[in-house]
Amino acid sequence: MAEESREHRYTRFLLEEERAFERARSNAECAGPNQRQALAREWFEASARLIQEYSRSQMTRHEGEPLTPYPASAIWRTSKIMESLAAGRLPQAVVDANAAGGRPDRWPAERRGIGIAIKYIEFARQGRIADRSFIKTVCDAFKVDRTTVRGWLEHPDEFTRDMLPFYPEQVISLLPGEGARYHFNRTGGRTEGEE
């Protein structure tokens, strides 16, 4: 199967964000907490993918022209959420994102760190990183057991789908820091938002 072109992926992200917003908005009043939570999170995830893809095209102009059209609607909706937060108010969409309670999903830097671990394992399996005990290396860096790493490997796309391409050398150098951040956050010293 051919890899999806950057322009096609961006167009898909534009449509997905618009559809997710409409579903969240149109079902907000009649849906129960679980459905409101799922719809809000779906919209936020679609918005993040779209804005990140657009921003990436602006930052990597050497790879081609920036993507068009400008995602004005998504950025406008995001700005309204930020405006409410700046005034100290939680917008309904943010409240809905955890309407059913429970444990929140992984935060972006945590997903990225796990994504680096998965890339390390993939490169080692391909022979692009010389490490025969790559699972142990990841377990040691992240201070987790093998079961945890196997769990990550069951759904690798959850952690790697929005990552920029990496070279094995980059992954080798990033692994210790990502592991330390993951462990630090898991033991209570949250650094969410810090890169």
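The values are calculated or read from the model by the stated rules, or taken from the named source; none is laboratory data. Source: prediction; values computed, not measured. Here the Cβ positions follow ideal geometry from the backbone for every residue, glycine too, while neighbour counts run over all protein chains shown. Remember, those area values only see protein heavy atoms, side chains included, never the ligands or the DNA or RNA. Shrake-Rupley method; radii C 1.70, N 1.55, O 1.52, S 1.80 Å.
Here are the numbers:
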quantity: Considering residues of region 82-104 that are surrounded by 14 or more Cβ atoms within 10 Å (Cβ to Cβ) and not aliphatic (A, V, I, L, M) only, the residue modelled with the lowest pLDDT; calculated: N98
quantity: Qualifying positions in region 152-171 - closer than 18 Å to G127 by Cβ, assigned to a helix (DSSP H, G or I) and open to solvent by 80 Å² or more (accessible area, probe 1.4 Å); calculated: E169
quantity: Residue within region 25-39 that is of a type in the set (D, E, K, R) and assigned to a loop (DSSP other than H, G, I, E, B) present; calculated: yes
quantity: Odd one out for V149, checked against (1) in contact with a Cys (Cβ under 9 Å, 6 or more places away or on another chain); (2) surrounded by fewer than 19 Cβ atoms within 10 Å (Cβ to Cβ); calculated: (2)
quantity: Residue list for region 137-178, filter: modelled with pLDDT under 90 and of a type in the set (S, T, N, Q); calculated: T160
quantity: Residue within region 127-134 that is under 18 Å from the mean Cα position of the chain (by Cα) and either free of Cβ contacts under 8 Å to residues at least 12 places away in the same chain or open to solvent by 30 Å² or more (accessible area, probe 1.4 Å) (or both) present; calculated: no
quantity: Close pairs (6 angstrom Cβ cut-off, 6 or more residues apart or separate chains): closer than 12 Å to A28 by Cβ and without any contact (Cβ under 8 Å) to a residue 24 or more places away in the chain in region 90-102, open to solvent by less than 30 Å² (accessible area, probe 1.4 Å) and aliphatic (A, V, I, L, M) anywhere; calculated: P91/I81
quantity: Lone qualifier among F13, F21 - being closer than 15 Å to Q92 by Cβ, part of a helix (DSSP H, G or I), modelled with pLDDT of 85 or more and out of contact with any strand residue (DSSP E or B) (no Cβ under 9 Å at 6 or more places or on another chain); calculated: F21
